[in-house]
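For reference, the structure discussed in these notes is given below.
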Amino acid sequence: MTDTLLDIRGLSVPLPTGADRPFAVKDLSLSLSKGEILCIVGETGSGKSLTAFASMGLLPTNLPKPSGEVMFEGRNLLTLTEEQRREINGRRLAMIFQEPIAALNPIYRVGEQVAEAFRLHTKLSEAEIKQKVIDLFTEVHLPNPREILRSYPHQLSGGQCQRVMIATALALDPAILIADEPTTALDVTTQAQILRLMLDLREKHGTGILFITHDFGVVAEIADRVAVMRHGTLVETGPAKEVLLNPQEEYTQNLLAAVPRLQPKVSRSYLGEPVLVASKVAKTYQTRTLFGAGRKVKAVDEVDVTIRRGETLGLVGESGSGKSTLAQCLIRLVEPDGGEVTISGGKFSGLKGADLRAARQRVQIVFQDPFTALDPRQSVRSAIAEGPIIHGLSPAEATARADGLIEAVGLDPSGGDRFPHEFSGGQRQRICIARALALEPELIIADESVSALDVSVQAQVLDLLAEMQERLQFGMLFITHDLRVASRICDRIAVMRHGKIVEQDEPATLFANPTQDYTRKLLAAVPGRDWQTNPTRKAV
Amino acid sequence: MKNRPSILLIAASAVLISVVAIALIGNVFSPFAVTDQNLLGRLKPPAFLGGPEEYLLGTDRIGRDMVARLVAGLRMSLLVALAGTLIGAIVGTVIGFLAAHFRGYVEEGLMMLVDFQASLPFILIALTLLAFFGNSLILFIILMGLFGWETYARLARGVVLSATSQPYAKAVTSLGAHPMRLYIRHILPNVASALIVQITLTFPQIILLETSLSFLGLGIQSPNTSLGQILGDGRDYLSTAWWISVWPGLLIFVITLSMSILGDALRDRLDPMLKVRTT
């Protein structure tokens, strides 16, 4: 740790007056050494991304000037002129972002975008540049580098785009790579590959990597040292192993305790009769072009699902596997092409008009993003009471039920008159759950309902769902891409791929003896999968 | 976020309020009825330019008081513009909602109508209809209502489509709500801001359209009067009695300008997403 590359001393980033706190980052001191991976972890609003932006000179222009020092190669990065900044950015300091597809210019071929770094900073000939780009693409393990060179960003997958971004960042062999949640938008298997790649790069080039993430699994997978941030201040820093296994601060302890363990839940035996029986549900999407019918995609391919009273079935799979489409077909927000759906003994598929609307009270859905799932112009009480009113309860009774639910989901009972934007993400998700429960449904579909939440909030919402299920005995279809979350709440887990359920079993059996290669791949890709249950197996 | 309205906005609102006030109680400035003629006092200049002092803003070619004429004209112009705007807004919005709800052939048919309307100069449609059906006040107002409905329809269809794809709309549907409930209680309040802004932008256009048609003699007919008609009346006397055309022209100018400023400000403000958190 003698070879300090980046030394942040007393960095403060003030916020404009009227914000919820005076400083986004306050008096932060950190250092990054050569060949080291430093993970900055923290929840939403902890100031972890702004720290990175301050180092790169990319702070939003509406923020006041930061104070303190960010020393790099003898210079304070905070006081550079525009010209000096251009000299350093890209060449000595490089950054990759969360949304790889958004970070690439859609109208240029990706080869061009990587070549640009060389054109700006070196005097190489075009042929030399091309060779360099091909070498880089090979190094970041892009298949067929010569073809990818000529592709546009939309022709590549998210993982491939992120590799292109990494290639761009590495083009001039920077001393420091700053990665802001680079794998958050990617599937878990892709994430595993990108993390592997980062480790390789550190090995080969001795690059110092400042890795910003909210995911302790990722931290366990790659970090040498960890810095935990909260409300803009540093809570705790130290070697990854120390912080993960033996955290000193209470905040870190709580955060770590909230991370779900990849450990199968003990199965329950008292499950009742089936509330959902779906057979051969199918949905095919057809893209249309100017010249007639285009490609057909079987989003859901003759899937059978059964859920019993009080049971939680987890539906896991990567993006595009058809999990959400299946859920929307079951609840008939999307009209399935075929198949039978029976909910609590009554037929649900084939219903029309008023019959369908009446039957809808038997099944409710909780969406992923609690910020868009509530009507911004409706008070919380009225949102929760709306369902019962639609189904014939008197407004007075419905309001009483709504008030009861507001309290039952752990919100301040006086908050009913307030509007959704006055609540935090976790609180809003509680409101969404209350709205779903107001109809006393037999089946609840939770579509990535905790994925957008911070880990400590996520744990609370999962507990709330489990507790409500215990009390009301509804069946639940729990869709997630996160196997840790699934292992915490599900009685059975179904693995979905290409529109089919490839494997379905109790978590204990599934985790111990997966029969499908794909399931094995998914399990292996869970970042830092052993650090909680078996910390000695891998040197974290 | 800036919370204090700009001076421009305050001025525009003040102008609009005074214009409405004048339309309502402007008669107190004139002892004459709108039809009172004084053939001996024709084309008299305004009082402050040496004209007879009972005629504050002068008289027209048959000696009618300009103040009385302007107040009556203003009332008519505002009435026509208001009624026309509302008819257009309602018809257009309903068509937009229908297109967004039914999709498919219904949508294509309705949107084809919209394109049809948008591709014809409205003044041509207006002239044709007036030539065929003659002129009456009711017909004229309906005609004004036909103006601009296609912009509401397009706008409403767009915002409704994007609003119904929001998870909250799906959530309300899955509660078992009837589509009417979804559209009226959830979608409409959420898209209303866009439509209200459009209303403030169409309103001045309708005033101008009414003015043009009345100027050509195809709009409001005597004994009724409107700003455009007065403007047209003064056309032949511009060199000798400029006040006949300048007063209505000025009024039209400040009304349309203020309304447009107000519309712009509304567009910036009415977005609920831009509101600061209250707690």
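The values are calculated or read from the model by the stated rules, or taken from the named source; none is laboratory data. If you're wondering where the values come from, they're calculated on a predicted model, not measured in any experiment. So basically every Cβ, Gly included, is an ideal-geometry build from the backbone, and we count neighbours across all protein chains shown. The accessibility values were calculated without ligands, DNA or RNA, using every heavy atom of the protein model including side chains. Shrake-Rupley method; radii C 1.70, N 1.55, O 1.52, S 1.80 Å.
Values for this structure:
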read-out: Odd one out for A:Arg430, checked against (1) open to solvent by 10 Å² or more (accessible area, probe 1.4 Å); (2) in contact (Cβ under 8 Å) with a residue 40 or more places away in the chain; (3) not small (Gly, Ala, Ser); value: (2)
read-out: Search result, residues across segment A:32-48 that are of a type in the set (S, T, N, Q) and surrounded by fewer than 21 Cβ atoms within 10 Å (Cβ to Cβ); value: A:Ser33, A:Thr44
read-out: Evaluation of B:Tyr237 against (1) at pLDDT 90 or above; (2) farther than 26 Å from B:Val15 by Cβ (one fails), failing number; value: (1)
read-out: Residues located in segment A:349-370, provided they are open to solvent by 40 Å² or more (accessible area, probe 1.4 Å), within 33 Å of the chain's Cα centre (by Cα) and more than 9 Å from every other protein chain (Cβ to nearest Cβ); value: A:Arg362
read-out: Answer from B:Phe48, B:Phe97, B:Phe32 - the residue that is among the aromatic types (Phe, Trp, Tyr), touching a residue at least 24 places away in the same chain (Cβ under 8 Å), assigned to a helix (DSSP H, G or I) and open to solvent by 10 Å² or more (accessible area, probe 1.4 Å); value: B:Phe97
read-out: Residue pairs meeting the criteria (Cβ under 6 Å; at least 6 apart or on separate chains; first within 18 Å of A:Asp187 (Cβ to Cβ), in segment A:316-333; second in a helix (DSSP H, G or I) and open to solvent by less than 10 Å² (accessible area, probe 1.4 Å)); value: A:Val316/A:Ala486
read-out: Any pair with Cβ under 6 angstrom, 6 or more apart, that starts in segment A:21-36 at a residue that is assigned to a strand (DSSP E or B) and ends at one that is open to solvent by 60 Å² or more (accessible area, probe 1.4 Å) and modelled with pLDDT of 90 or more; value: A:Ser29/A:Arg9
read-out: Residue in segment A:466-488 that is modelled with pLDDT under 90, within 21 Å of B:Pro167 (Cα to Cα) and of a type outside the set (D, E, K, R) present; value: yes
read-out: Strands (runs of 3 or more DSSP E) contained in segment A:459-513 and holding at least 3 residues open to solvent by 20 Å² or more (accessible area, probe 1.4 Å) and within 28 Å of A:Leu186 (Cβ to Cβ); value: A:500-505
read-out: Within segment A:323-348, considering residues that are open to solvent by 20 Å² or more (accessible area, probe 1.4 Å) and within 11 Å of chain B (Cβ to nearest Cβ), the one nearest to the chain's Cα centre (by Cα); value: A:Gln328
read-out: Residue in segment A:197-220 that is at pLDDT 90 or above, of a type in the set (D, E, K, R) and not in a loop (DSSP other than H, G, I, E, B) present; value: no
read-out: Selection from segment B:207-231 of residues that are surrounded by fewer than 23 Cβ atoms within 10 Å (Cβ to Cβ) and part of a helix (DSSP H, G or I); value: B:Leu208, B:Ser212, B:Phe215, B:Leu231
read-out: Complete set of residues in segment A:138-181 that are assigned to a helix (DSSP H, G or I) and over 22 Å from the mean Cα position of the chain (by Cα); value: A:Thr138, A:Glu139, A:Pro145, A:Arg146, A:Glu147, A:Ile148, A:Gln155, A:Ala167, A:Thr168, A:Ala169, A:Leu170
read-out: Residues within segment A:199-222 that are under 19 Å from the mean Cα position of the chain (by Cα) and either within 22 Å of A:Leu28 (Cα to Cα) or open to solvent by 10 Å² or more (accessible area, probe 1.4 Å) (or both), tallied; value: 8
